[in-house]
Every structure is written in C-alpha cells, then in structure tokens.
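As structure tokens, the structure follows; a few thoughts come after it.
The values are calculated or read from the model by the stated rules, or taken from the named source; none is laboratory data. Keep in mind the model is a prediction, meaning the values are calculated, not measured. Neighbour counts are summed over all protein chains in view; Cβ atoms, including those assigned to glycine, are modelled from backbone coordinates with ideal geometry. Ligands, DNA and RNA are excluded from the accessible area calculation, which covers all protein heavy atoms including side chains. Shrake-Rupley method; radii C 1.70, N 1.55, O 1.52, S 1.80 Å.
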Amino acid sequence: MEYKAYTVRNFRSIPQIKLLPESLKKEMEIVARVLPFKSNSYVVDKLINWDNYSEDPIFKLTFPVREILSEEHFSRIENAIMAEKPEAEIRKICEKIKMELNPHPAGQLEMNIPLFDNQKLEGVQHKYKETVLFFPLQGQTCHAYCTFCFRWPQFSGLEGMKISSKYDEKFGQYLKQKKEVTNVLITGGDPLVMKTNILAKYLKNLLEPGLEHIHTIRIGSKALAYWPYRFLTDPDAGELINLFKEVASAGKQLTLMAHFNHPVELGTKAVKHAIRVIRSAGVQIRTQSPILKNINDSAKVWAKMWRLQAGLGCHPYYMFMARDTGAKQYFDVSLNDAYEIFREAYSKVSGVARTARGPVMSAAPGKVHVVGVSEVSGQKIFVLQFIQARKSDWVKRPFFAKFNPDASWLTDLEPAFGEEKFFWQQEFEEMSRLNLKNAAFQEEE
Ligand SMILES: *Cc1c(COP(=O)(O)O)cnc(C)c1O
Ligand code: SF4
C-alpha cells in the first residue's frame, strides 16, 4: 500500500469523505484550524468503518469532528468566518484558543529539561532517575494525528512550543556521566516517521562505549497502528529491521512502546505481520493507550485489546488518563469510571495480559496510579500511589484522596481524612518554586 497523507488541504478528495454532508466538512475545517489534522490511506481504508462513521472509534480518533472543540471555542471561530473577518484576524482568534487549551500540561516545558554545563539540553527530558526522554528533531510528527493528543503543540506551529533536538556531544556526555540512567526513551511525535538512516545515527550513538549502563532503548511509536507498512514495505523497511537486529545483537534491549487505542488497530493482516517481523528481530513490544470517552471507554474493548496483544506476543503496559490539554473535555473519563473499566477488563484476561497498570495519570509530581476505591471508617476514598515520581522516595507509598465521582485528574483531588496536604505535596511545591524552574529531576546525591 502506498502512503498517502490526508490533511485539511486535501481531505475532500478522499472518496469516503465525498459522500459526507457538506456541513460536516465545514465543521472539520473549522476544528482543524485549532487542532492539527492528519490521517492517511491505511487509516482511512483499513481501520475506519465508513458505513457507521459517526460512531466509528478510529474516525473520531483522527478526523476533527466538531465536538472535540468546546461549543464556545467552535462558535468563536465560526462567527468570525460568518462575519467575513479578515483571515489574519481569524488566525489570531485561533492562536488565542490554542493557548487556552493548555498546550504544555504537567509543566513539561519548564520542569523537565536537564542542565548540563549550565546549559539546557534542548529536546531532552529527565524527570525520573532511571529514564531519559529524547525528542529527535526529525521525529516530531506522526503518520496520522490523534485528536486527543497532548503533543499537539509540536505539530500545530505554536511558537516556542516545540521540544526537539539533534543528538549532540553534550547529550552524549550527559548520558555518560549519569550512570543511574538505564533507559533512553526516544519519543516524539513518532520517531519512526524518520528515515532509517537518520534513526540509525541516533541509535548508534547510544551503543557507544561509556554507555554500558543504558541497558534498554525504547522507541515510543504509533506506527504499528497507523502505518504498519513502515516495517514491511516502505523503501527502507528492511533496513529498519536490520537496524533493530544490530541494536539487539550489540546487547541492548530494544523495546517498542507501541501505542494502540482500540482492538480494530490490531486486526489487519499488515499489523499482525509487522508485529511478527519486529519480534523476530529481537525487539520487545509493550503497549499503552489513554482511556478515552467515545473511543475506548469500555471494559469489553480493553479486555479484547489486551487479549489480542497478548496473543500476538505484545505486553500490555499502561492505561493512561487523558491529559488535561487540547480536546480533553470530549475524551474525558472520570478516575472512578476509568478504575471500574480497568478492574473489569483486568478481571477478564489471563495473567499474561495482566501486565497492564492503570489507570495512571502522568502528572507533574509523577505517574500516579489509581489503585482503587475503598471505604475506611465510613469515608469513601481513592487509594493512590506513585509508580514513578520526581523524587524516588515517594514511589509505592499509598496515599488517600476523598472520593469524588467527577474527578478526572490529580488536581481535582483533595486529601482524605481531614489532612491538609498529600504527603508529597509540600516538597513538590517547594521543588516547583525553587530549584526546578529549568532543571529536571534532582536527586540528593
Ligand atoms: C512515563 C515516563 C517515563 C517512563 O516511565 P516508565 O515507568 O519507566 O515506563 C519516563 N519519563 C517520563 C517523563 C514519563 O512520563
Ligand atoms: S501518534 Fe502519539 S504523538 Fe502522534 S498524535 Fe497520536 S498520540 Fe500524539
């Protein structure tokens, strides 16, 4: 299959779109002014059921339906267009709306960039002791865009909002010095949009002497779901698989952190074939997804997804809460609902698929796991814990929040049992105020 990208400029040429009502297409054009839109030939032809497009999870996942903007935002743009305001003015309105959509949640921009030689390492985040995130410059786009995505400022041309880098000597020196780092996670966008020869440079840098402490290289990617031909028939697909083999035989664990949102993404011949090819190159596949209303907010869907993944030799890893950004209101699932869905799905699968953890919020102080809902001395509470934390000592210490059926993020929660703050809160607030203005994770040495 040939890769063909669809954007707001050419989506009207998609045969299936031609059949849709004009009003819907106009709405999509309005939404796409704010949230970046990109789909492709595989997603359109193999994943979406056009007979029932308005209910189709993958349609809603990549096409900019009206509901992903708030009514207020939508009509602000619509009114400007109807009033025939000049294009420059409409664009200004859209930029303003983008800023109102919380483009960098969880202090991503300010808090996680490490300092080395008193210089910021651009395109690098080091929040948790063992794992460094790297955003290669050429990997900051994707084969299609998810409408819920918190990375959207990276695609939508918001000034000063991109985080990306070329691997340079400084980053290499940083890694060599930080012996506690065991994992490098190459992320994006989608690093697998890069040509193999570019990815090869980045990966080979990580095989250098002096980096023996890095035992695992992870690549965060949605290519399996959005473009499995990346591993099969793209001109440099064979090279990519050879590169995987080379990294594996250099003694590093190479892990694909594969992003799947719905079981339908695991159903095509192409994706199954690609998974086999990747695994036989010595690469592990771990899977993760946010839980999203209108896409996958049911236990049946998650159980099916985990079961299919386990059957294909992939390990379920995280169920995330949707971040507080972009189209959150359309995709929002409450912590309580997410927990119930997780619990029910988990109870339906065998042990080999119970490697998933969730629901998890990737919040500013750390990755917070909703362990459960319980009742203690007549008070209903959430039981929570950090799976990862800005300070390692916070990890795995249960803490308790008042039950709130509407809460969907850590910041909606209050401590239970009359406590004023969560045990980590004071320290976190001090970190944010003082030393973490630019620096990332800082551990007492
Ligand atoms: C999730 C995450 C990681 C990786 O955490 P693991 O639990 O090791 O998968 C690393 N850095 C950041 C900033 C993250 O959000
Ligand atoms: S593939 Fe990942 S980075 Fe790309 S749009 Fe989807 S969620 Fe965002």
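Looking at segment 207-303, what helices (runs of 4 or more DSSP H) fall wholly within it and have at least 2 residues that are within 18 Å of residue 43 (Cβ to Cβ) and out of contact with any His (no Cβ under 6 Å at 6 or more places or on another chain)?
Working: elements: 223-226, 237-249, 269-280.
The helices (runs of 4 or more DSSP H) meeting that bar are 223-226, 269-280.
Select from segment 365-392 the residues that are small (Gly, Ala, Ser) and outside any strand (DSSP E or B) and write down the one among them that is farthest from ligand 1 (Cβ to nearest atom).
Applying the first criterion (small (Gly, Ala, Ser)) to segment 365-392 yields 366, 372, 374, 377-378, 389, 392.
Within this subset, residues satisfying the condition of being outside any strand (DSSP E or B) are 377-378, 392.
On the way: 377: 33, 378: 35, 392: 12 Å.
Out of the qualifying residues, it is 378.
Within segment 209-226, track down each residue that is touching a Leu at 6+ places or on another chain (Cβ under 9 Å), more than 16 Å from ligand 2 (Cβ to nearest atom) and of a type outside the set (Val, Ile, Thr). Break it down stepwise before answering.
Just the residues of segment 209-226 that are touching a Leu at 6+ places or on another chain (Cβ under 9 Å), to begin with: 210-211, 213-214, 216-226.
Those left that are additionally more than 16 Å from ligand 2 (Cβ to nearest atom): 210-211, 213-214, 216-217.
Listed by number, the residues that qualify are 210, 211, 213.
Of a type outside the set (Val, Ile, Thr) and either touching a strand residue (DSSP E or B) at 6+ places or on another chain (Cβ under 7 Å) or farther than 29 Å from residue 149 by Cα (or both): is that true of residue 223 in this structure?
In short, no.
Do you know which of the residues in segment 351-360 that are away from ligand 2 (no atom under 16 Å from the Cβ), assigned to a strand (DSSP E or B) and open to solvent by less than 50 Å² (accessible area, probe 1.4 Å) is modelled with the lowest pLDDT? Please lay out each step first, then the result.
Initially, segment 351-360 is screened for residues away from ligand 2 (no atom under 16 Å from the Cβ), giving 351-359.
Among the residues that remain, those that are also assigned to a strand (DSSP E or B) are: 357-359.
Next, from what is left, pick out any that are open to solvent by less than 50 Å² (accessible area, probe 1.4 Å): 358-359.
Values: 358: 94, 359: 98.
So, considering only residues that are away from ligand 2 (no atom under 16 Å from the Cβ), assigned to a strand (DSSP E or B) and open to solvent by less than 50 Å² (accessible area, probe 1.4 Å), the one modelled with the lowest pLDDT is 358.
Consider segment 182-200. How many of its residues are open to solvent by 10 Å² or more (accessible area, probe 1.4 Å) and closer than 15 Å to residue 241 by Cα?
So the count comes out to 5.
Just to be sure I understand, how many residues within segment 298-337 are modelled with pLDDT of 95 or more and touching a strand residue (DSSP E or B) at 6+ places or on another chain (Cβ under 6 Å)? Steps first, answer last, please.
First pass over segment 298-337, keeping only residues modelled with pLDDT of 95 or more: 298-321, 333-337.
From what's left, touching a strand residue (DSSP E or B) at 6+ places or on another chain (Cβ under 6 Å): 306, 309, 314-321, 333, 335.
Going through segment 298-337 one residue at a time, the tally reaches 12.
Where residues in segment 1-49 are of a type in the set (Lys, Arg) and in contact (Cβ under 8 Å) with a residue 40 or more places away in the chain, which of them is surrounded by the fewest Cβ atoms within 10 Å (Cβ to Cβ)? Break it down into steps so the answer makes sense when it comes.
Residues of segment 1-49 of a type in the set (Lys, Arg): 4, 9, 12, 18, 25-26, 33, 38, 46.
Now restrict to residues that are in contact (Cβ under 8 Å) with a residue 40 or more places away in the chain: 33, 38, 46.
On the way: 33: 21, 38: 21, 46: 17.
Within segment 1-49, the match that is surrounded by the fewest Cβ atoms within 10 Å (Cβ to Cβ) is 46.
Which condition number in (1) of a type outside the set (Val, Ile, Thr); (2) open to solvent by less than 10 Å² (accessible area, probe 1.4 Å); (3) within 16 Å of ligand 2 (Cβ to nearest atom) is the one that residue 237 fails?
The failed condition is (3).
Within the set of pairs 6 or more residues apart or between chains, which connect a residue that is of a type in the set (Asp, Glu) inside segment 292-313 to a residue that is in a loop (DSSP other than H, G, I, E, B) with Cβ atoms less than 6 Å apart?
Here the result reads 297/333, each pair linking segment 292-313 to a residue that is in a loop (DSSP other than H, G, I, E, B).
Filter segment 364-418 for residues that are of a type in the set (Asp, Glu) and in contact with a strand residue (DSSP E or B) (Cβ under 8 Å, 6 or more places away or on another chain); which is nearest to residue 288 (Cα to Cα)?
First pass over segment 364-418, keeping only residues of a type in the set (Asp, Glu): 375, 393, 406, 412, 414.
From what's left, in contact with a strand residue (DSSP E or B) (Cβ under 8 Å, 6 or more places away or on another chain): 375, 414.
Details: 375: 30, 414: 28 Å.
By that ranking, first place goes to 414.
Does residue 212 satisfy the criteria of being away from ligand 1 (no atom under 16 Å from the Cβ) and surrounded by fewer than 16 Cβ atoms within 10 Å (Cβ to Cβ)?
Numbers: away from ligand 1 (no atom under 16 Å from the Cβ): yes; surrounded by fewer than 16 Cβ atoms within 10 Å (Cβ to Cβ): yes.
It is true that residue 212 is away from ligand 1 (no atom under 16 Å from the Cβ) and surrounded by fewer than 16 Cβ atoms within 10 Å (Cβ to Cβ).
Return the residues of segment 337-350 that are buried (at least 19 other Cβ atoms within 10 Å of the Cβ) and within 24 Å of residue 60 (Cα to Cα); say none if nothing qualifies.
From segment 337-350, those buried (at least 19 other Cβ atoms within 10 Å of the Cβ) are 338-339, 341-342, 345-346, 349; that's our starting set.
Correct list: 338, 339, 341, 342, 345.
Just one of the numbered conditions (1) free of Cβ contacts under 8 Å to residues at least 40 places away in the same chain; (2) open to solvent by 80 Å² or more (accessible area, probe 1.4 Å); (3) in a helix (DSSP H, G or I) is not true of residue 67; which one?
(1)
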